[in-house]
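> Next up is a structure, given as structure tokens.
The values are calculated or read from the model by the stated rules, or taken from the named source; none is laboratory data. Please read all numbers here as calculations on a predicted model, not as lab measurements. Here the Cβ is made from the backbone with ideal geometry for all residues, glycine too, and neighbour counts use every protein chain on show. When the accessible area is computed, the model is the full protein with side chains, heavy atoms only, and any ligands, DNA or RNA have been set aside. Shrake-Rupley method; radii C 1.70, N 1.55, O 1.52, S 1.80 Å.
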Amino acid sequence: MNSTSERLINISMQTFSDKGYHGTSLNSIANDLGVKKASLYNYINSKDDLYGLCLEKCMNDGINIIENIDIRSQNLSEELLSFFKMYIFESACLVKFYVQLSFAPSNFIKDIEQYNDKLSTTLTYKLDEIHAHHKLNINKDEFVLLIRMFINGWLYRRAFIQSEATQKEVKNEFNIHAKLLLNTIRAKQSE
């Protein structure tokens, strides 16, 4: 993928994240990219084609973040905290785009379901590996559920943060909640 294609996908993801599928026009994307709308057709066939590319990038980026968790890390709490921050806070555009998928056109439902299944399977598999490698004394299903609930709750909360001041407050609250969760896991780990 060349740099213009990458910029097109990144700008489009940001626009779809902010305005949703129906609020986004190829004209606005072309303007943000600094090209004429007709030039977009050198890279895509349609708005649906572009949305599909953004969907694929969103899911692949999410899966890559999950797959990069080091299950063998000596410090499980730090590794999970690093993952949470990357998945929830460092990828704001992905989070907002992911939430916007709830309002995607019906022709994308099958793709979204397949990507969600893959994302879910990847996360569950990684958490199962962590549980086994670190020999946690917490029930595996309970461990997976705790992590999933934490991630899902914070993903939605993160998606709707608007102001810079609110972001700082929420990030502080996130750190407190993450430490509480990780302390619970750590306590179970040492039992």
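> So if each residue of separation counts as 0.36 nm, and I subtract the Cα-Cα distance between residue 41 and residue 168, what length gain in nm does that give?
Numbers: separation 127, 0.36 × 127 = 45.72 nm, distance 4.02 nm.
Stretched fully, the residue 41-residue 168 segment lengthens by 41.7 nm.
> Stretch residue 28-residue 133 to full length: gain in nm at 0.36 nm per residue minus the Cα-Cα span?
This chain segment gains 32.9 nm when fully extended.
> Per 0.36 nm of contour for each residue apart, how much would the distance between residue 145 and residue 67 grow if the chain were fully extended, relative to their Cα-Cα spacing? Could the numbers behind the result be given before it?
Values: separation 78, 0.36 × 78 = 28.08 nm, distance 1.83 nm.
That pair, residue 145 and residue 67, stretches by 26.2 nm at full extension.
> Ok, one more. Only sites in a loop by DSSP and with at most 14 other Cβ atoms within 10 Å count here; which GluC sites (Glu not before Pro) in region 8-98 make the cut? Please report the intermediate quantities before stating the final value.
Details: sites: 56, 67, 78, 79, 90; in loops: 90.
Qualifying residues, ordered by number: 90.
> In nm, to one decimal, how far is the modelled label at residue 106 from the one at residue 74, with both set 7 Å along Cα→Cβ?
5.7
> Given axes a ≥ b ≥ c from the Cα gyration tensor, I'd like to know whether region 98-191 is rounded (a/c under 1.5), prolate (a/b larger than b/c) or oblate.
Values: a/c = 3.87, a/b = 1.24, b/c = 3.13.
Oblate, since a/c reaches 1.5 and b/c is not below a/b.
> Only sites in a loop by DSSP and with at most 16 other Cβ atoms within 10 Å count here; which trypsin sites (Lys or Arg not before Pro) in region 1-95 make the cut?
Values: sites: 7, 19, 36, 37, 47, 57, 72, 85; in loops: 36, 72.
Those satisfying the criteria are 36, 72.
> Whole-Hz ³J(HN,Hα) for each residue in region 26-36, computed from phi via Karplus 6.51 cos²θ - 1.76 cosθ + 1.60 with θ = phi - 60°, x for glycine and proline: what do you get?
Along region 26-36, the couplings run 5, 4, 5, 5, 4, 4, 5, 7, x, 10, 7 Hz.
> Where does each of 41, 21 land when they are ordered by accessible area, with a 1.4 Å probe and the largest first?
Numbers: 41 105, 21 35 Å².
Correct descending sequence by accessible area is 41, 21.
> What FRET efficiency comes out for residue 124 versus residue 179 if R0 is 30 angstrom and r is the Cβ-Cβ distance? Round to the nearest 0.05. Please list the in-between numbers first.
Working: r = 24 Å, r/R0 = 0.79.
It comes out at approximately 0.80.
> Give me the angle, in degrees from 0 to 90, between the Cα long axis of helix 47-67 and the longest principal axis of the Cα atoms of the chain, rounded to the nearest 10.
20
> A follow-up question, please. Give the lysines reachable from residue 85 as a straight Cα distance under 26 Å; neighbours fewer than 8 places away on the same chain don't count.
Hits, sequence-local ones excluded: 19, 57, 96, 118, 126, 135, 140, 168, 171, 179, 188.
> Would you calculate a helix-derived [θ] at 222 nm for the chain, using -39,500 (n - 2.57) for each DSSP H run of n ≥ 4 and dividing by the full residue count, to the nearest 500?
Working: 9 runs with 140 residues, N = 191.
So the helix-based figure for the chain works out to -24000 deg cm²/dmol.
> In whole percent, and with a 1.4 Å probe on the protein chains, what portion of the accessible area of the chain is carbon and sulfur?
Details: 5080 of 10510 Å².
The value for the chain is 48 percent carbon and sulfur by accessible area.
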